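Step one of this worksheet: look at the structure below.
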Protein chains: 2
Amino acid sequence: MQFLLEVVDILTNYIRKTFDRSTKVLDFHHPHQLLEGMEGFNLELSDQPESLEQILVDCRDTLKYGVRTGHPRFFNQLSTGLDIIGLAGEWLTSTANTNMFTYEIAPVFVLMEQLTLKKMREIIGWPNGEGDGLFSPGGAISNMYSVMIARYKYFPEVKTKGMSAAPRLVLFTSEHSHYSITKAGAALGFGKENGYVPLFVNATAGTTVYGAFDPINDIADICEKYNLWLHVDGAWGGGLLMSRRHRHKLSGVERANSVTWNPHKMMGVPLQCSAILVREKGILQGCNSMCAGYLFQPDKQYDVTYDTGDKAIQCGRHVDIFKFWLMWKAKGTVGFEQHIDRCLELSEYLYNKIKNRPGYEMVFQGEPQHTNVCFWYIPPSMRNMPDGEERRERLHKVAPKIKAMMMESGTTMVGYQPQGDKVNFFRMVISNHAATRSDIDFLIDEIERLGHDL
Amino acid sequence: MQFLLEVVDILTNYIRKTFDRSTKVLDFHHPHQLLEGMEGFNLELSDQPESLEQILVDCRDTLKYGVRTGHPRFFNQLSTGLDIIGLAGEWLTSTANTNMFTYEIAPVFVLMEQLTLKKMREIIGWPNGEGDGLFSPGGAISNMYSVMIARYKYFPEVKTKGMSAAPRLVLFTSEHSHYSITKAGAALGFGKENGYVPLFVNATAGTTVYGAFDPINDIADICEKYNLWLHVDGAWGGGLLMSRRHRHKLSGVERANSVTWNPHKMMGVPLQCSAILVREKGILQGCNSMCAGYLFQPDKQYDVTYDTGDKAIQCGRHVDIFKFWLMWKAKGTVGFEQHIDRCLELSEYLYNKIKNRPGYEMVFQGEPQHTNVCFWYIPPSMRNMPDGEERRERLHKVAPKIKAMMMESGTTMVGYQPQGDKVNFFRMVISNHAATRSDIDFLIDEIERLGHDL
């Protein structure tokens with residue numbers, strides 16, 4: 001126990017420093033440097049045990065060479081920030097060290113999951129919050145559930161006879177949608193060719209790069225007309241449902257058959273916390289149950305409809321609910337709303353700051369729909385270059401160079417990527433409640449400091 | 001931070017009590033009782049925030065009404081125990097709150113995963129530990145990976161054209177294998193009918209109920225002859241590879257194309273920690289990559305072959321490696337070996353204790369292969385009953401009744417289930433390093449105390 005308290009001491013120091021802006025976001029090293037053993041940090045495993053003292057050193061080194069994703073100037077991913085209540089929830093979860101598959105060994109967590117999913121369905125707008133759902137290990141798996149359930153809905157015999165019991169199937173999703181939709185299609189045996197039968201349409205609420213919202217109502221009209229399953233991938237944008245100001249961007253979501261919604265993104269819940277929500281009750285069970293008698297005994301003394309294991313494609317399932325439930329208790333629905341409104345305001349601030357600033361070009365015009373702000377930084381040496389292939393090629397290298405320097409200096413982190421015919425641009429996102437306008441200013445200063453002489 | 005330390009105080013008290021045998025394993029309540037609000041424990045979420053004091057009460061109540069899976073007398077699941085080093089590792093992991101998909105944001109964890117998977121492949125016996133692998137959110141997903149990879153190996157065009165690019169496929173697995181193999185087959189569009197083309201054979205190393213080991217070498221001979229993919233599901237039995245005394249039970253595992261191995265089961269690592277290991281290098285990437293340019297930029301300043309995201313069916317992936325790596329550092333390979341040998345000795349102790357004891361019938365004869373010991377307890381009133389339907393029906397109800405009373409009294413927990421034509425029997429398993437012979441004695445006393453008058 002003394003050991004555990006010493007680790008807690010290391011961790012609380014780490015947390016304090018993470019929120020201190022004079023601390024660097026990261027201390028970058030290349031893989032070969034870390035593998036060679038930085039200052040005695042030996043990653044190799046051995047036959048003989050190490051001393052507890054050495055284990056504490058290993059813990060310190062692990063944090064030292066990692067990335068502070070909770071730092072107010074870490075903008076690199078959709079999941080950022082470090083919520084202390086959520087963290088405490090996760091520490092409790094790992095101490096309880098149990099499994100979601102039965103009420104028997106996770107009574108409280110199973111009920112928390114049920115109540116929270118119901119609340120989320122109410123917020124989506126399904127009557128009385130009815131329906132079904134599960135927390136799954138991330139948005140990609142949640143999206144995979146949606147494709148599986150849709151397939152089961154239209155062709156239940158696939159479950160026993162395989163894909164040959166269905167015609168050749170195809171799914172529809174937009175070019176900007178998350179790649180996990182295509183991945184799920186590939187895994188589940190859908191093809192991508194003309195003449196295949198469509199049964200599933202994905203509408204994205206908050207695309208990964210642009211933060212764009214598909215028009216759910218228009219898509220729902222088409223799905224109703226042609227009897228197609230409508231899934232809304234709100235992994236990133238689902239959180240906006242908590243905000244009275246922003247939830248109109250998901251207007252029509254209540255017409256979806258299934259929704260992916262990741263509280264570990266826009267709602268600041270520690271990783272992992274992703275929900276798949278389904279309008280039709282019982283279909284998850286129908287789709288996935290294999291009636292494993294050794295795990296789900298029907299003759300238990302409690303109401304076994306509370307056992308969730310046979311609904312899942314997993315057997316053991318990590319307890320992802322508690323940290324979220326605890327944060328909800330501590331913040332209330334209104335607290336999540338404030339968090340989301342605040343992050344979107346910060347994005348508007350960034351957008352207004354750079355939209356007409358010399359040296360910036362926006363990737364798309366108009367106010368950001370989500371917290372995504374996508375832009376090119378044009379170094380002074382390029383500002384008078386004529387449009388053309390040469391400029392494109394040079395501009396393509398600007399963001400990677402600035403990013404590499406950012407990581408070397410460790411001051412901040414922001415993502416970049418190309419998209420379609422657009423060369424590399426920065427994608428700024430904000431989901432960290434610790435970030436302020438001064439951090440946005442710092443990012444812009446830093447981009448200009450590092451990019452000025454490119 | 002004060003709040004976090006108060007939660008730590010709650011958690012360390014909980015841990016101390018968990019290891020104290022005078023503490024109950026659980027304080028059982030029915031779902032409706034918990035939902036009605038036990039002593040003010042309100043599970044419902046609300047719009048307004050709760051005070052931090054109330055949040056601390058919520059934490060205490062969550063633990064109070066939960067199940068102590070780390071208690072030395074909790075024998076209910078394959079994953080039991082509470083390793084303090086592993087727990088510290090998990091607390092650090094949630095504090096780091098990052099994601100395995102790129103080296104960029106998880107440099108240390110990505111390297112730890114790589115080195116640990118290599119070590120596991122060496123232990124399996126693949127030359128130089130070469131091959132590939134990932135930690136996944138549980139054995140069911142690891143098994144699903146194996147089926148996906150096998151399908152890709154034989155019919156790579158399924159990835160783009162769907163299952164219609166392959167003949168009707170079927171997989172082989174034994175009746176006692178884990179249901180996740182069948183579930184993976186159903187998800188991936190395999191059927192279960194005669195005349196379908198086999199491409200995948202699963203051999204189980206440590207079945208869930210009996211702890212039995214399939215003869216891997218014999219199965220490998222057949223797979224080689226017919227050019228089939230051989231997967232070894234060692235979710236439960238894989239840990240025995242760490243023991244020089246017991247690893248012969250997996251003899252032939254080095255001939256497998258893929259192996260599932262869950263350190264969170266027999267090796268006592270906190271949940272979740274499951275590895276899928278693959279002999280052929282590069283095939284995970286081939287099978288799963290979708291080349292998402294916005295996440296996996298090829299023009300980063302470091303060697304991007306260290307990015308793991310495009311190998312996975314997940315996008316975000318929880319850091320499951322650190323607790324395992326830290327435990328390995330602290331115990332050494334020899335420490336895991338001792339843990340496994342000790343658990344198997346305890347099972348032998350139990351087997352020898354009850355095999356000839358009045359009132360016990362073993363479900364199968366012979367020394368246990370794993371820590372599973374399966375048995376019926378026959379109450380005195382039934383000991384002279386002739387074999388037949390009436391006895392079967394009564395016996396079927398004995399284990400559920402004893403289990404229900406166990407849970408009500410909260411003293412210990414052990415699983416039961418029917419299997420094929422066998423009526424409900426107890427399945428005892430041991431993976432908790434805190435368990436001793438006295439705990440085994442206690443379990444048997446408790447079964448007899450509760451079952452005596454049935």
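The values are calculated or read from the model by the stated rules, or taken from the named source; none is laboratory data. Keep in mind the model is a prediction, meaning the values are calculated, not measured. For neighbour counting, all protein chains shown are included, and Cβ atoms are generated from backbone atoms with ideal geometry for every residue, glycine included. The accessibility values were calculated without ligands, DNA or RNA, using every heavy atom of the protein model including side chains. Shrake-Rupley method; radii C 1.70, N 1.55, O 1.52, S 1.80 Å.
When A:Pro270, A:Pro263 are checked against the criterion of being part of a loop (DSSP other than H, G, I, E, B), modelled with pLDDT of 95 or more, facing another protein chain (nearest Cβ under 7 Å) and crowded, with 20+ Cβ neighbours inside 10 Å, A:Pro270 stands alone in meeting it. When segment B:193-209 is limited to residues that are more than 14 Å from the chain's Cα centre (by Cα) and within 11 Å of chain A (Cβ to nearest Cβ), the one that is least open to solvent (accessible area, probe 1.4 Å) turns out to be B:Tyr196. Checking each residue in segment A:162-192 for being at the interface with chain B (Cβ under 9 Å from one of its Cβ atoms), open to solvent by 40 Å² or more (accessible area, probe 1.4 Å) and assigned to a loop (DSSP other than H, G, I, E, B) picks out A:Pro167, A:Arg168, A:Lys192.
Filtering segment B:210-232 down to residues that are in a strand (DSSP E or B) and not β-branched (Val, Ile, Thr), which residue is most open to solvent (accessible area, probe 1.4 Å)? This residue is B:Phe213.
Is there a residue being of a type outside the set (Val, Ile, Thr), within 14 Å of B:Asn372 (Cα to Cα) and over 19 Å from the mean Cα position of the chain (by Cα) anywhere in segment B:308-323? The answer is no; no qualifying residue exists.
Selection within segment A:284-302: residues that are open to solvent by 10 Å² or more (accessible area, probe 1.4 Å), closer than 23 Å to A:Leu199 by Cβ and touching a residue at least 24 places away in the same chain (Cβ under 8 Å). The member of this set that is nearest to the other protein chains (Cβ to nearest Cβ) is A:Cys287.
Would you call B:Ile123 touching a residue at least 40 places away in the same chain (Cβ under 8 Å), more than 9 Å from chain A (Cβ to nearest Cβ), in contact with a helix residue (DSSP H, G or I) (Cβ under 8 Å, 6 or more places away or on another chain) and in a helix (DSSP H, G or I)?
yes
Among all residues of segment A:154-170, there is none that is within 17 Å of A:Ser274 (Cβ to Cβ) and touching a Phe, Trp or Tyr at 6+ places or on another chain (Cβ under 7 Å).
Look at A:Asn217 and say whether it is out of contact with any Lys or Arg (no Cβ under 6 Å at 6 or more places or on another chain), over 30 Å from B:Ser180 (Cα atoms), without any contact (Cβ under 8 Å) to a residue 60 or more places away in the chain and within 14 Å of chain B (Cβ to nearest Cβ). The answer is no for A:Asn217. The condition (being open to solvent by 50 Å² or more (accessible area, probe 1.4 Å) and among the aromatic types (Phe, Trp, Tyr)) is satisfied by just one residue among B:Phe19, B:Phe28: B:Phe19.
Cβ separations smaller than 7 Å between residues 6+ apart or across chains give the following pairs from segment A:315-341 residues that are at positive phi and at the interface with another protein chain (Cβ under 8 Å from one of its Cβ atoms) to residues that are open to solvent by 20 Å² or more (accessible area, probe 1.4 Å) and among the small types (Gly, Ala, Ser): A:Gly332/B:Ser46.
Can we say B:His370 is closer than 29 Å to A:Ser46 by Cβ, within 14 Å of chain A (Cβ to nearest Cβ) and modelled with pLDDT of 95 or more?
In short, no.
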